[in-house]
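The values are calculated or read from the model by the stated rules, or taken from the named source; none is laboratory data. The model shown is predicted, which means the values in this text are computed figures rather than measured ones. Backbone-built Cβ (ideal geometry, glycine too); neighbour counts: all protein chains shown.
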Amino acid sequence: MNREEGIVLKRRYRVERLMKALVAFGTLLAFLVLLLVLVYALVQGVGALNPDFFLQDMRPPGERGGGLRQAIVGTLIVDSLGLLIALPFGLAAGILLAEYPDHPINPYLRLLSDTLNGMPAILFGLLAFVLVVKPMGGFSGLSGAFALGFLMIPILARSTEGVLSLVPKEIREAGLALGLPRWRVILSLVLPAARSGLITGTLLAFARAAGEAAPLLFTAFGNPFLELNPFKPMDTLPLRLFNFAISPYEDWHRQAWAAGLVLFALIALTSLLARWASRRF
Amino acid sequence: MRWLYTHFGDRIFAFILLLLATGVMALALLMAYELYRGGSPVLHGFGLLGFALDTQWDPVRGKFGAWPYILGTLIVSLSALFLSFFPALATAIFVAEYAPKWLAQIINFLLDLMAAVPSVVYGLWGIFVLAPWLRDKVQLPLYFWASEHAPALLPLLGVPTGYGLMSAILILASMVVPYTAALARDAIALVPKEHREAAYALGATHWEVLRLAILPLARGGILAGAFLALGRAVGETMAVTMVIGNSHKLPYTIFGGAATMPSVIANEFTEAVEDLHLSALIAVGFLLFLVAMLVNFTAAYVLRRQERLVKGAL
C-alpha cells in the first residue's frame, strides 16, 4: 500500500469513528428529556405521595393535605366505560379485516380506521361534545367515556387485525376440516389462539386512553368531589393534573407532581401487565 | 337445525361484524360531518379561505380568523419535526446497526415509554422545569446580549417569559422522537442483507455501508416516519397548551407566546358562551381534521411506495 492510499484509509476510519460518535450522541440526546421528566416526576412526586393521596378527595387551595381519590376513581370509571364502548367495534373491525380479507367493505374500513387512528385526540373530544354532551344537555363522565372510546376504537381495530393475522392458518383449516362453520372457527379457535395478543392490545389501548386529558376537557369536564354517577361531570387524573399545573397554588403544584407520578405508574403498570400477558397466556 | 348452525350462523356472524364495522366507518365520516356542520355558521359566514386566512380573532367583537393558529401550528410542528429529526434518525441507526442486543432492547423499551408517557406529564415538566430554565439560562442572557449588541434582533426575539414558541417547540420535539425513530428503525432493518454484504465486500467501512447501501433504501421509511411524527405534532394538545403562552397576537416572536389550533380549542372551548365563538372553535377543529388527514395520507402513501421499493430491490 503506498502512502497516499494509507492517508485516504486513515481519513475513512476517522469519518467512521466520527459518525459512530455522532450516532451515539444523537441517541443520548433523544432520551435526555424523557429521563429528565421521569427523574423530576419521581423526585417531586414521591414527596407528595402518602396514603391520603389515595383515600381523600382534593381540598381547596390553602388547606393542606387531601388527596386525589376522586380523580383516581374517575379515571378508572371513565376509562373502563370507554373500553366497554370501544371493544365490540374495535374487535369486530379487526376480525373483519383479518378473517374476511376479501370482504368488499375492507378497503374502505381500513382507510377510515387509519384516518381515525391519525386524528388528534382533542377532535374525539369535540365529536363527543357534539354527539353526547349537547343532546344530553351537560358535561358528564359518560360523554368522556364516549370520547375515550372513540379514541380507542381504531387502536383496538389495528391491534386485533395484527394479532389475528399471526395465528397460523393451519388452525383455521383444521377447524374447517372438522366441519365447523366459519363463525365457530373464529370464535372458538382463532380468538382463543390469539388471546394473549388480544389482552395485550386491550391493555395498551386502556393505558393510552388513561393518559389523555384533551378529549375530556369539554366532556368529562372535571369535578372536585367524588362522583360515581356517570351522568354527572367526573374527574380524571390527567384533567386534574392539568388544572393543578396551571393554577397559581404551591400545594396544588405538589399534588400535580404526585398525580403525574401516579399517572405514570398506572401507565407503566398497564404496559408491564400487557407484556406479562403476552407471555403468560 | 343443522342448516341454521352452519349456514345461517355464518350469515348472522358476518352481519354482526359488518354492522359493527359500519359503526367504525360511520364514526370517521361523522367526525368530518359534525365538525363541518358545527363550524358551518362561521365557515359560511366568512368562507373557508376567509376564515383560514383572516388574522383577527376577537370573540368579544365576533370576529373570527384562524390564521394565527394555523401559522402557530405550522411553526411549532415543523420546527419540532426539524429538531427531532437528527436524534430520531441517530437512535434508529444506533438500534438497528450499532447496539448489542441487550442495549437495543432497552432502547426499544424506552422508545415505547416515550410514546406512552402522557402529554400532560410532559407539559407539567415543561411548566415547572423547562420554561423557567429556558427563561433564566437562555432567553434572558440572549435578550441582554441582543439589547447591547444587536438591537435589531429584539423584535424578533420578543419578551423573554419562558412560556412561548421556544418552549413549545423543544418539548414537542422531544415528544415526537419515537414516531420517526420506530419507523426509521424498521425500515433500516428491512433492507435486504445482500445490499449490506455487497457493500462490505467492496471494502466499505460500517458508515459507508450505511450511507451507500442502507440509508438510500430506507429513505422512504424514514420519510414516512417523519410524516407520522408531523401528524402527531400537529395534533398534540396538552403539553403545547401548557407551555406556549397562549397568545394569538401576530407577529409571533421566538421567545413570546403563541397558540396552535389544538391549543386554542383546549383553552377557549369551555369558556365560549356565544354560539358563534363555539362554532368558530369547532371550525378550527375542522381545519385541524383536514390538516391531520393530509399529513397522515402522505405518510401512508410514502410508506406504501417504500414497501414496493424494498420488494423490488430483492
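Assorted remarks:
A quick yes/no check of all residues on (1) closer than 18 Å to B:V240 by Cβ; (2) of a type outside the set (A, V, I, L, M); (3) touching a residue at least 40 places away in the same chain (Cβ under 8 Å); (4) touching a His at 6+ places or on another chain (Cβ under 6 Å):
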{"residue": "B:P151", "(1), (2), (3), (4)": "no, yes, no, no"}
{"residue": "B:P155", "(1), (2), (3), (4)": "no, yes, yes, no"}
{"residue": "B:L165", "(1), (2), (3), (4)": "yes, no, yes, no"}
{"residue": "B:I188", "(1), (2), (3), (4)": "no, no, yes, no"}
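- Residue ID - farthest from A:A147 (Cα to Cα), chosen from residues in the range A:239-256 that are more than 7 Å from chain B (Cβ to nearest Cβ) and under 23 Å from the mean Cα position of the chain (by Cα): A:Q255
- Test: residue in the range A:119-136 that is more than 15 Å from the chain's Cα centre (by Cα), over 23 Å from B:M261 (Cα atoms), among the hydrophobic types (A, V, I, L, M, F, W, C) and more than 10 Å from chain B (Cβ to nearest Cβ): yes
- Pairs where the first residue, in the range B:10-35, is closer than 27 Å to B:L287 by Cβ and the second is of a type outside the set (A, V, I, L, M, F, W, C) and part of a helix (DSSP H, G or I), C-beta under 8 Å, 6+ apart: B:V24/A:G90; B:V24/A:S113; B:V24/A:P154; B:M25/A:Y108; B:M25/A:S113; B:A28/A:S113; B:A28/A:T115; B:L35/B:G285
- Of everything listed in (1) at the interface with another protein chain (Cβ under 10 Å from one of its Cβ atoms); (2) β-branched (V, I, T); (3) surrounded by fewer than 21 Cβ atoms within 10 Å (Cβ to Cβ), the single unmet condition for A:I186 is (3).
- Condition check for A:V78: within 28 Å of A:R208 (Cβ to Cβ) and either at pLDDT 90 or above or among the acidic types (D, E) (or both): yes
- Number of the condition not met by B:W102 [criteria: (1) under 23 Å from the mean Cα position of the chain (by Cα); (2) closer than 30 Å to B:A181 by Cβ; (3) of a type in the set (F, W, Y); (4) away from chain A (no Cβ under 14 Å)]: (1)
- Qualifying helices (runs of 4 or more DSSP H) (wholly inside the range B:1-105; at least 1 residues being under 25 Å from A:L123 (Cα atoms), at pLDDT below 90 and not charged (D, E, K, R)): B:9-46, B:48-53
- On inspection, A:A174 fails the criterion of being at pLDDT 90 or above and within 28 Å of the chain's Cα centre (by Cα).
- Count of the range A:204-234 residues which are at pLDDT below 90, surrounded by 24 or more Cβ atoms within 10 Å (Cβ to Cβ) and either away from chain B (no Cβ under 12 Å) or assigned to a helix (DSSP H, G or I) (or both): 0
- Pick from the range A:1-19, criterion more than 7 Å from every other protein chain (Cβ to nearest Cβ) and among the charged types (D, E, K, R), ranking: farthest from the chain's Cα centre (by Cα): A:R3
- Under the condition of being within 12 Å of chain A (Cβ to nearest Cβ), among the hydrophobic types (A, V, I, L, M, F, W, C) and under 30 Å from B:S79 (Cβ atoms), the residues counted in the range B:199-223 number 3.
- Qualifying residue in the range B:138-158 (condition: crowded, with 16+ Cβ neighbours inside 10 Å, on the phi < 0 side of the Ramachandran plot and within 12 Å of chain A (Cβ to nearest Cβ)): no
- A single entry from A:A98, A:A24, A:A71, A:A41 fulfils the requirement of being free of Cβ contacts under 8 Å to residues at least 24 places away in the same chain and of a type in the set (G, A, S): A:A24.
- Condition met for A:S113 (at pLDDT 90 or above, at the interface with chain B (Cβ under 10 Å from one of its Cβ atoms) and in contact with a Lys or Arg (Cβ under 9 Å, 6 or more places away or on another chain)): yes
- Of all residues in the range B:47-97, those that are surrounded by 21 or more Cβ atoms within 10 Å (Cβ to Cβ) and under 18 Å from B:L281 (Cβ atoms) total 8.
- Residues in the range A:58-73 that are among the aliphatic types (A, V, I, L, M) and under 12 Å from A:Q255 (Cα atoms) were compared, and the one that is surrounded by the fewest Cβ atoms within 10 Å (Cβ to Cβ) is A:M58.
- Unmet requirement for A:A24, which otherwise passes all of (1) part of a helix (DSSP H, G or I); (2) at pLDDT below 90: (2)
- Flag for A:V163 being over 14 Å from the mean Cα position of the chain (by Cα) and within 12 Å of another protein chain (Cβ to nearest Cβ): no
- Condition check for B:T205: at pLDDT below 90, in contact with an Asp or Glu (Cβ under 8 Å, 6 or more places away or on another chain) and of a type in the set (S, T, Y): yes
- If you go through the range A:29-57 and keep only what is facing another protein chain (nearest Cβ under 10 Å) and surrounded by fewer than 14 Cβ atoms within 10 Å (Cβ to Cβ), you end up with A:L32, A:L35, A:V39.
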